[in-house]
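*Asks:* Have a look at this one before I ask anything.
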2 protein chains.
Amino acid sequence: MNGGEAGAAAPFPDWMRAVQTQVEAALSAALPPAEAIPARLHQAMRYVTLGGGKRVRPLLAFAAGELSGATPERLQTVASAVEMIHVYSLVHDDLPCMDDDTLRRGRPTCHVEYDEPTALLVGDSLQSLAFDLLACDTGGDTGGDAAQQLELVRLLAHASGSCGMAGGQAIDLGSVGQALTQPELELMHALKTGALIRAAVLLGALSGAPLDAAQRDALDRFAKRVGLLFQVVDDILDCTASTATLGKTAGKDAASDKPTYVSLLGLERAREFAADLRAQALAALAVFGARGQRLIELTDFITHRKF
Amino acid sequence: MNGGEAGAAAPFPDWMRAVQTQVEAALSAALPPAEAIPARLHQAMRYVTLGGGKRVRPLLAFAAGELSGATPERLQTVASAVEMIHVYSLVHDDLPCMDDDTLRRGRPTCHVEYDEPTALLVGDSLQSLAFDLLACDTGGDTGGDAAQQLELVRLLAHASGSCGMAGGQAIDLGSVGQALTQPELELMHALKTGALIRAAVLLGALSGAPLDAAQRDALDRFAKRVGLLFQVVDDILDCTASTATLGKTAGKDAASDKPTYVSLLGLERAREFAADLRAQALAALAVFGARGQRLIELTDFITHRKF
């Protein structure tokens, strides 16, 4: 029911749009107003966060929330917090000293539209705001459970830092021009994109009724597989889709000599690997029965997306 | 008693050294080992965090912890979290796109010793780790109070973000070459340095027994005054001390045409302003009686420091 108007019975595209609309509104409400001092910083934070993106991590949080009956209010908070961490990482990754990219979500990147120091502070501030938001959530009408909230803060912080997303980025930096093995590439992606995708799934599912140990274990297996699946599909799209379709510069990884699943396995075997990961992810969901339906649909969406 | 071996009765310099030693050990234990993957990132995080700095914010947290009888274990955690936020801000402020500085705490800055992308990720990772640490603290033997921990996360996140430290940095960026009024300069500093100093005091004091409303009010008045005092003294030192004494580039603010209390008031009136702020800060502590002794001594140390 947590898709709001588009409940559990709604077709997947309707549910997806309903969640995206809710998350957009929740992000807008959580961000400081554009006119609040310092206005330029707040405008830039809103520019990078609002009005774009597939919102894959928020969708995962909402779909995982179905497993434990989490309320839409809780899910809006955790989905917004995870998305803020994701957006901050994009803003910093696009900086001249990192990927030096000019296009993101079909628009000029933050340091192009504003300036480099502002982009640095936008990323820094979005990270703080994500934790501010998570720690402020009182759990809506259901009453806050401080221990549960604290676990969510811990999960998100760990997934974001040097043993998660930022650590994966550091490995990526060191890998340019290197011939990585598949296990090395998997470790990099398990951190760089996988950690935050896993966090989105866990934060969504842990925002409702407690899960038992077997369910948590199954959820974690699903989360790890779907995180890797997302990256493999990303690598395939990077070499098969156009810049216009992606809304970001296509063919970048090959051009910058970065190792990808396509460069490692070739296109055909990368596609087979994606199909295997999808099957493993869906198998892990079996324990949840009908409650896993949205996660099944979302896994298929991630597998077959064109952008 | 929270200075460990150098308890409440110890002379101030002994207490200060004991706290600094404890905080160094706590930071070292909280940081990932230098050899953990990605090793270069973890080495750089340890390089910027360990072995330097006056540890003013940790000292404030420990001294404020005396007000509420907080345990050394809790204070090590909150002091380390606040210091990590401070260090991340220094690393990002020193980047070429910001202050472009080469010297910090008497050593090459992070992007000079390592490289720019690593410095960016060091800052990002230290911010995550600060919240990870705060959210992981179980409160030692005294038993964790999740609601209290969550309040500390909220305070630190708010103090760090666009309505706190990062926001002050954004105002600072926009102020170069501008003639700010004293209220405008105070707003900038209340955010840029004041917010985190206030957080250090509040986190320390709120780590022990609950304070009543009058005590919290007095504490907040003290925290705001001492935050501003720290900045005024910093401005005075920037134009009176040498680079060797400071361990960072002296005379930078004047050279970069940044507004300071000295440029606004002149040296003599800036010194008078510092004396007024000290008196106001000490007056706010009266309500705490003998428990405020360490904060009184620390306020005097901040006022009269030479580096």
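Read the figures in this text as sums done on the coordinates, not as results from a lab. These numbers were taken from a predicted model, which means no experiment stands behind them. Quick reminder, even Gly has a Cβ in these numbers, built from the backbone with ideal geometry, and neighbours come from all protein chains shown.
*Asks:* For the stretch B:1-105, what does the equivalent ellipsoid look like in terms of its semi-axes, each the square root of 5 times an eigenvalue of the Cα gyration tensor, given largest first in whole Å?
*Replies:* Numbers: eigenvalues 152, 49, 26 Å².
Rounded to whole Å, the semi-axes are 28, 16, 11.
*Asks:* If I take R0 = 45 Å and measure r between the Cβ atoms of residue B:179 and residue A:148 in this structure, what FRET efficiency does the formula 1/(1 + (r/R0)^6) give, to the nearest 0.05?
*Replies:* 0.35
*Asks:* Count, for each residue of B:170-178, the Cβ atoms from other chains sitting within 10 Å of its Cβ, then give me the mean as a whole number.
*Replies:* 4
*Asks:* Tell me what the protein assembly as shown gives for mean residue ellipticity at 222 nm when only DSSP H runs of n ≥ 4 count, each as -39,500 (n - 2.57), the sum divided by the residue total, rounded to 500 deg cm²/dmol. Walk me through the intermediate numbers first.
*Replies:* Numbers: 32 runs with 413 residues, N = 614.
Rounded to the nearest 500, it is -21500 deg cm²/dmol.
*Asks:* Order of B:279-290, A:276-287 by packing, highest average Cβ count within 10 Å first?
*Replies:* Top to bottom by mean Cβ count within 10 Å: A:276-287, B:279-290.
*Asks:* What would the Debye formula give as log10 I(q)/I(0) at q = 0.10, 0.13 Å⁻¹ for the alpha-carbon point model of the stretch A:42-198, no solvent?
*Replies:* The Cα Debye sum returns log10 ratios of -0.39, -0.65.
*Asks:* Dividing the convex hull volume of the alpha carbon atoms of the protein assembly as shown by its residue count, what do you get in Å³ per residue?
*Replies:* Spelled out: Cα convex hull of the protein assembly as shown, divided by residues, is 143 Å³.
*Asks:* Okay, moving on. Over the Cα atoms of chain B, what Rg and Dmax result, in angstrom?
*Replies:* Computed over the Cα atoms of chain B, radius of gyration and Dmax are 18.5, 53 Å.
*Asks:* If you don't mind, there's one more thing I want to ask. Extending each Cα 7 Å along its Cβ direction at residue B:304 and residue B:17, get the distance between those two points in nm, one decimal.
*Replies:* Placing both labels 7 Å along Cα→Cβ, they lie 1.8 nm apart.
*Asks:* Would you tell me the mean number of C-beta atoms belonging to other protein chains that fall within 10 Å of each C-beta in B:33-45, as a whole number?
*Replies:* Per-residue shielding by partner chains comes out at 4.
*Asks:* Let me ask you something else. What size of dipole, in debye to the nearest 20, comes out for the stretch B:12-304 about its Cα centre when the only charges are +1 on Lys and Arg C-beta atoms and -1 on Asp and Glu C-beta atoms?
*Replies:* Here the stretch B:12-304 has a charge dipole of around 440 debye.
*Asks:* Could you compute the FRET efficiency for residue B:283 and residue B:113, with r as their C-beta to C-beta distance and R0 at 41 Å, rounded to 0.05?
*Replies:* 0.40
*Asks:* Counting only residues 5 or more places away or on other chains, whose amide H sits under 5 Å from the amide H of residue A:103 once H atoms are built in the peptide plane?
*Replies:* Placed amide hydrogens put A:109, A:249 under 5 Å from residue A:103.
*Asks:* Here's something else I'd like to know. Please report, in debye to the nearest 20, how large the charge dipole of the protein assembly as shown is about its Cα centre when each Lys and Arg carries +1 at its beta carbon and each Asp and Glu carries -1 there. Please report the intermediate quantities before stating the final value.
*Replies:* Numbers: 54 positive and 74 negative charges, 53 e Å.
So the magnitude is around 260 debye.
*Asks:* Could you check the spin-label model distance between residue A:102 and residue B:35? Points 7 Å from the Cα along Cα→Cβ, value in nm.
*Replies:* Distance between the two pseudo-spin positions: 4.6 nm.
*Asks:* I want to make sure I understand the PRE zone here: with the label point 7 angstrom from the Cα of residue A:268 toward its beta carbon, which residues in the stretch A:285-307 have backbone N atoms less than 11 Å away?
*Replies:* Nothing falls inside the zone, counting backbone N under 11 Å.
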